[in-house]
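Below is one structure; the comments refer to it alone.
Bear in mind that the values in this text are calculations on the coordinates, not laboratory data. What you are looking at is a predicted structure, and each value in this text was computed from that prediction instead of being measured. Cβ sites come from the backbone with ideal geometry, for glycine too, and all protein chains shown count toward neighbours.
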Amino acid sequence: MKQAVEAANAVSRRDRVRAATTREIKQVARRILVEQGPDSVSLRAIAREMGMTAPALYRYFGSHEELLRNVIGDIYLEITSDIQAAIDAAADDGIGAKLMAAAREFRTWSLGHKREFGLLFGAPLPGLDLNHTDIADECGQKFSGTFLALYIELWNNRSFPVLAPEEIDPGLRSQLERYRESAGANGLFLQAAAAALPVGAVLSFVYCWVRLYGMVSLEVFGHLGWVLDDSGPMFEMMLTELLPVLGLDGLGSPGGGPTRARRGRNPIRRGQGP
C-alpha cells in the first residue's frame, strides 16, 4: 500500500513538473511573439531562452505548429475571459449594456495586445494548417460563442424587425443559409440556437460583427492614424450606429456614459427607404 501511494505521488509530481514546463514554454513563445514578432517564434529561440535544447521541446509539443496552436488557444481563452468579465459587470443593466460592454472590452483588449490580435485575427502564420480542428479552434469557438450567446439572448428576449428572406440579395442569402444549416449540424447548443434564427437575424449578427471587427482592425493595425490621433469617438459612433440594427434604438451614448435616447436608421431593417 505504501509503495502504491509513493508511486502515485511520484507520478503526480512528474505531471505537475510537466504541466509547469508546458506553461513556461507557451509563456516564452508568447513573449517572443510580442517582443520580436511571429517570425521569431522558433523552437530554437524558445529552447535558448529556457536553457533547453530544441529537440527536448518535442517531449511537450509534437511540432512547432502544435506549439503555436496551443499559444493561440491560450490567447483566445484570455480574451474570452476578459470579455466575459466585462459582460458580468454589466449584467444588472440589461442585455443592451452587456452587448456594449463586450464590444468595448474587445476593443480595449485588442489595442492592448496588438501582436496577439494579429496572431488571432490577422493573416494566418505561414505553415499553419487551418483545415483541422484542434485546441485553437475549440478555444476560438468559446470566443465567438461569447458574442453569439449575447445575440441569442437579445433575440429571445426582444426579437426585432429584420429583413425577410426575399429582401436579402440571393447570393448573400444562400451563404447565410449555408452557415445556419452547418451550425445546426454542429450539435452544440449555441450553434443549434443559431440555426433556429431567421436568416434576416443571422444577417444582422454577421453585419454587426463585420462592423465591430473592421473598426477594431483598422485601429489595431494603425490604418486610421493618417486622420485620427484618438479613434475612440469614432468607435463609439460606430456602436451607436449598430444599435438600431439590434433593435436597441433607445440605448447608448458616445463614450459609454449615461444612456440617452438615440434613434437612427437601420441599414438592414425592412420598411426603410434610402
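Tabulated values for the structure
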read-out	value
In region 12-72, the GluC sites (Glu not before Pro) that fall in loop regions by DSSP, at most 13 other Cβ within 10 Å	none
Residues 226, 155 arranged by fewest to most Cβ contacts within 10 Å	226, 155
